[in-house]
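Enquirer: There's a structure below that I have some questions on.
The values are calculated or read from the model by the stated rules, or taken from the named source; none is laboratory data. From a predicted model like this one, the values you see are computed outputs, not experimental measurements. Cβ coordinates were reconstructed from backbone atoms using ideal geometry, including for glycine residues, and neighbour counts include every protein chain displayed.
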Amino acid sequence: MTEEIIIAGFGGQGVLSMGKILAYSGIMHDQEVSWMPSYGPEMRGGTANVTVILSDDRISSPYLKVFDTAIILNQQSMDKFEKSVKPGGVLLYEPNGISQHPTRTDIHIYQIEGNKIATEMGNKKIFNMVIMGAFLKIKPIVELENVIEGLKKSLPERYHHLIPLNEEAITKGMNNVKTYLKEKQVL
Amino acid sequence: MSELKLMKGNEALAEAAIRAGVDAYFGYPITPQSEVIEYLMTERPEQRTGMVVLQAESEIAAINMVYGAASTGKKVMTSSSSPGISLKLEGISYLAGAELPAVIVNVVRGGPGLGTIQPSQADYFQSVKGGGHGDYKLYVLAPASVQEMSDFVENAFDIAFKYRAPVLILSDGLIGQMMEKVNLKGQQKRLTDEEVIKRHDSWAVTGKTNRERNIITSLDLQSEKMEARVRRLMKKYEQMEKEDLRYEEFQTEDAEYLFVAYGSSARIAQKAVQLARAKGIKAGLLRPITLFPYPKKVLFDLADQVKGILSVELNAGQMVEDVRLSVEHKVPVEHFGRTGGIIHTPEEVLEALEQKIIN
């Protein structure tokens, strides 16, 4: 199994830390992992993205052009990465703030209203774990218990009391992800 | 005891330095290697092992602190990124001339000048063709993973002390900034002063003992003596070529076309090999792990088997010269690379092979 993922959105949405938790979960699952961020001037107030690869084998390139899954959290990233999903692959996105919805017909498209759910839960920082839950529902490549272990590893201990909240967010994400049907786009 | 962690390349290198029992690190921050000194400062190695970590007032100060500390037989290192390494080159030439063991790390960014903070491999010439002045070479290790960022610290010190010569770890922004699983080695004890004296009393300035004084210098105004020194250096480099060459081959057994790439480009080229094979093109990869010594003979022999070679580098064409020298015109050799901080994709690399070599 090799899963090549890009997570892309605004700086501050927890893109990089979600990638890190996913990578740690992979390690807990005894997989090879790589986490390659875009770094540099584009991170300041602009878009942030990270390529995460989980694999049963040694990982070759940590830097990729096409992905099995694109997790897209803003319009700029949609413009940039919709075309980067492999045919038959997955595009998961947060519809809030998206004006140009995806149009491809050769990939599986899903929506998760992460902002809405996180706001309802009373903690906007939990947003990225809602997204994580949605992703894991579509592609159960790591078990929830390994994600919790991954959270423990990547969060400083002073935040460990928030792990149950993170777990709840993941579960909400799993329960609320929905297939995006292109017909809905015609309004 | 080893330990499994998810770390950035820069952090893994810094942690490995503490665990390898390094005595001192002198540095100055610069993107994309600032995590090295940042991590070292956060980890408080002065409490963990007694290791000194010092942010100098400049890169030049840092490399000269390395010179001073290395003169005492201690394990010392510094790190920087391209423009900072340019500043250090005078000191590096002096280290080579004075035959001092030290480890220098370059997490390369794009150049020339201040260039860009993003990944590049444009310091190949600087690393293997001198860089500083005079007849010297550096033993150059090129890590291609976070694991190697960790492992090569100890390897580099072994070589540095074996030959009493400066060793360069040539990384880049991609390997430095990415995170991977890393298996950290157990903690080695730092040598005590008595142990250092016992090991290095023949050359180091270790304090007053019952012996002739040791003089650390790169200066010899007497021509015959200076020539003897240069010859001694050349002998070391010959021995490095015989005993400490490192490389890795990937699917070369039946390869008809060959990529040659090191560091981050080797990772990307490895994926290009997989993509090529999926299309029925028998491609392989030779990854030099040491850039000096260079796997000349391996390339010379592979040239009898393959129809063409593509040198893949994040620069405008540097290592390709050594590939050409190695294969002695037996087969066509071309270069492919991006610059300016742009990283080539595996697809681009394969396309370059098809356009420049196969067609």
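Yes/no matrix, rows are residues, columns are (1) closer than 16 Å to B:Met178 by Cα; (2) without any contact (Cβ under 8 Å) to a residue 60 or more places away in the chain:
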position	(1), (2)
B:Gly113	no, yes
B:Gln118	yes, no
B:Val128	no, no
B:Gly132	no, yes
B:Tyr136	no, no
B:Ala142	yes, no
B:Ala165	no, no
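Enquirer: Going by the structure shown, is A:Ile59 outside any helix (DSSP H, G or I), at pLDDT 95 or above and at the interface with chain B (Cβ under 10 Å from one of its Cβ atoms)?
Expert: yes
Enquirer: May I ask you to verify whether B:Gly341 is touching a strand residue (DSSP E or B) at 6+ places or on another chain (Cβ under 8 Å) and at pLDDT below 95?
Expert: It is true that B:Gly341 is touching a strand residue (DSSP E or B) at 6+ places or on another chain (Cβ under 8 Å) and at pLDDT below 95.
Enquirer: Return the pair list, or none, for Cβ contacts closer than 7 Å from residues in the range A:25-39 that are more than 7 Å from every other protein chain (Cβ to nearest Cβ) and closer than 15 Å to A:Met132 by Cβ to residues that are part of a helix (DSSP H, G or I) and not basic (Lys, Arg), at least 6 apart or on different chains.
Expert: What qualifies is A:Ser25/A:Asn146; A:Ser25/A:Val147; A:Ser25/A:Gly150; A:Met28/A:Asn146; A:Met28/A:Glu149; A:Met28/A:Gly150; A:His29/A:Asn146.
Enquirer: Out of the residues in the range A:65-94 that are within 13 Å of chain B (Cβ to nearest Cβ) and touching a Ser or Thr at 6+ places or on another chain (Cβ under 6 Å), which is surrounded by the fewest Cβ atoms within 10 Å (Cβ to Cβ)?
Expert: Looking at the filtered set, the residue picked out is A:Lys65.
Enquirer: Among helices (runs of 4 or more DSSP H) lying entirely in the range B:253-334, which contain 1 or more residues that are of a type in the set (Ser, Thr, Tyr) and away from every other protein chain (no Cβ under 14 Å)?
Expert: The helices (runs of 4 or more DSSP H) meeting that bar are B:319-327.
Enquirer: Here is a further query. Working carefully through the options B:Leu174, B:Leu141, B:Leu168, B:Leu95, find the one that is more than 30 Å from A:Val52 (Cα to Cα), crowded, with 21+ Cβ neighbours inside 10 Å and in contact with a Ser or Thr (Cβ under 9 Å, 6 or more places away or on another chain).
Expert: Numbers: B:Leu174 fails: more than 30 Å from A:Val52 (Cα to Cα); B:Leu141 fails: more than 30 Å from A:Val52 (Cα to Cα); B:Leu168 fails: more than 30 Å from A:Val52 (Cα to Cα).
Answer to the check: B:Leu95.
Enquirer: Looking only at the range A:111-146, count every residue that is outside any loop (DSSP other than H, G, I, E, B), surrounded by 20 or more Cβ atoms within 10 Å (Cβ to Cβ) and within 13 Å of the chain's Cα centre (by Cα) and tell me the total.
Expert: Adding up the residues that qualify gives 13.
Enquirer: What number of residues in the range B:129-158 are under 13 Å from B:Ala96 (Cα atoms) and either out of contact with any strand residue (DSSP E or B) (no Cβ under 8 Å at 6 or more places or on another chain) or in a helix (DSSP H, G or I) (or both)?
Expert: Summing the residues that are under 13 Å from B:Ala96 (Cα atoms) and either out of contact with any strand residue (DSSP E or B) (no Cβ under 8 Å at 6 or more places or on another chain) or in a helix (DSSP H, G or I) (or both) in the range B:129-158 gives 7.
Enquirer: Determine which single condition A:Leu22 fails, assuming it passes every other condition in (1) surrounded by fewer than 24 Cβ atoms within 10 Å (Cβ to Cβ); (2) over 19 Å from B:Ser264 (Cβ atoms); (3) not charged (D, E, K, R).
Expert: Unmet for A:Leu22, out of (1) surrounded by fewer than 24 Cβ atoms within 10 Å (Cβ to Cβ); (2) over 19 Å from B:Ser264 (Cβ atoms); (3) not charged (D, E, K, R): (1).
Enquirer: I'm told B:Gly73 meets every condition in (1) crowded, with 19+ Cβ neighbours inside 10 Å; (2) more than 19 Å from the chain's Cα centre (by Cα); (3) at negative phi except one. Can you identify the failing condition by its number?
Expert: (3)
Enquirer: For the structure I just gave you, tell me whether B:Glu38 is modelled with pLDDT of 95 or more, farther than 22 Å from B:Pro101 by Cα and surrounded by fewer than 24 Cβ atoms within 10 Å (Cβ to Cβ).
Expert: So B:Glu38 passes the test.
Enquirer: How many residues does the range A:146-178 contain that are more than 14 Å from chain B (Cβ to nearest Cβ), touching a residue at least 40 places away in the same chain (Cβ under 8 Å) and not polar (S, T, N, Q)?
Expert: Matching residues across the range A:146-178 total 9.
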